[in-house]
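Contents: one structure, followed by commentary.
The values are calculated or read from the model by the stated rules, or taken from the named source; none is laboratory data. The model shown is predicted, which means the values in this text are computed figures rather than measured ones. Cβ coordinates were reconstructed from backbone atoms using ideal geometry, including for glycine residues, and neighbour counts include every protein chain displayed. Remember, those area values only see protein heavy atoms, side chains included, never the ligands or the DNA or RNA. Shrake-Rupley method; radii C 1.70, N 1.55, O 1.52, S 1.80 Å.
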Amino acid sequence: MLIKEMVLGRKLEVLVDREGYNYRLVSKIEGTTDGTVAVSAIVAKGRMFHFEEGDNVTIVYRGEERMWKWEHVKPGLARLEGETVHTFSSGEKGQVYNRRDSFRVPIGENLLMYRIFSRKNEDGETEEKLKPFEGLLVDLSVSGAGLYTDEDLEIDAMMGFDMPTNMGIMTCRGKIVRRADVYDKPFRNFYGCEFTKVRKELERYLFERQRLMLQKERGGESIRPR
């Protein structure tokens, strides 16, 4: 697929690999040319998102029947009909992308989680306030997590957790995209969280954890990573 074939008004995912963390951003497609797509200005924490020179940027687009990705794209800024937009350029064709490749690993551990509230201070800078709550982390992938908790979280609420592992603390932050009431669990609510920021090492940790779990199921000796 070519960038110019993207449909205006649809969402574009922007995945940013930066200094040990992976960020996931979403914006609306405003325009396309042969090798460039323009999206509504991406804002994070009340400010326009600034792409840095060392960022490794991938864009993901959902077509009619499948998803496509372009890796190592060049980010930029432009003006479109008087408005500032972010642009992403690539001379390559899109590659088929399967989100299910981000395998989900069972966790089943109680964690102290936190809800994230953002507000601007008197200087116009965005400040974060964290409200802790207890939860059960059901499963985990590089793109999201499932969790149980008694905390009342609405759709799009921002939350996160810091999970200790043998590879260090795995910091995961994201937004609630799914919720359901449950009646047969220790907690009242189930939530699906879609990550916006995770440690780069999370994928390697999950791969190793899954490998050891499969080894254990097959009768081999293994130690479950934590």
Q. In nm, to one decimal, how far is the modelled label at Leu112 from the one at Glu201, with both set 7 Å along Cα→Cβ?
A. 2.0
Q: Compute the convex hull volume of the Cα atoms of the stretch 24-121, divide it by the residue count, and report the result per residue in Å³ as a whole number.
A: 176
(Q) Give me log10 I(q)/I(0) at q = 0.09, 0.17, 0.18 Å⁻¹ for the chain, Debye formula, one equal scatterer per alpha-carbon, no solvent. (A) -0.44, -1.30, -1.37
Q) Could you give the nm distance between label points at Met67 and Met167, where each point is 7 Å from its Cα heading toward the beta carbon? A) 2.0
(Q) Keeping every protein chain present and rolling a 1.4 Å probe, give me the accessible area per residue for the chain in Å². (A) 59
Q | Centroid-to-centroid separation of the stretch 34-67 and the stretch 166-200 [C-alpha atoms, Å] | A | 24
Q: Using the structure shown, select from Lys93/Lys200; Lys11/Lys93; Lys45/Lys185; Lys45/Lys93 the pairs with a Cα to Cα distance greater than 24 angstrom.
A: Lys93/Lys200; Lys45/Lys185; Lys45/Lys93
Q: Could you state how much accessible area Asp152 has, in square angstrom rounded to the nearest 10, with a 1.4 Å probe and all protein chains kept in place?
A: 100
Q. Quick one: if the Förster radius is 35 Å, what FRET efficiency do Phe103 and His50 give, using the C-beta to C-beta distance and rounding to 0.05?
A. 0.65
Q) Under 18 Å from a point 7 Å along the Cα-to-Cβ line of Asp123: which residues of the stretch 15-52 have their amide N that close? A) 45-48
**Q.** Carbon plus sulfur fraction of accessible area for the stretch 79-226, probe 1.4 Å, in percent
**A.** 47
Q.
Below 8 Å, C-alpha to C-alpha, sequence gap of six or more: please give me the relative contact order for the chain in percent.
A. 15
Q) How much accessible surface area, in Å² rounded to 10, belongs to the heavy atoms of Asp17 with a 1.4 Å probe? A) 40
**Q.** Gain in span if fully extended, Glu217 to Tyr183, counting 0.36 nm per residue against the direct Cα distance
**A.** 9.2 nm
Q | Sequence-separation-based contact order of the stretch 143-214, relative, with Cα cut under 8 Å and 6+ spacing, percent | A | 34
**Q.** Degrees, to the nearest 10: 202-217 long Cα axis against longest axis of the chain
**A.** 40
(Q) More than 27 angstrom separation, counting every C-alpha pair in the stretch 42-176; what % is that? (A) 41
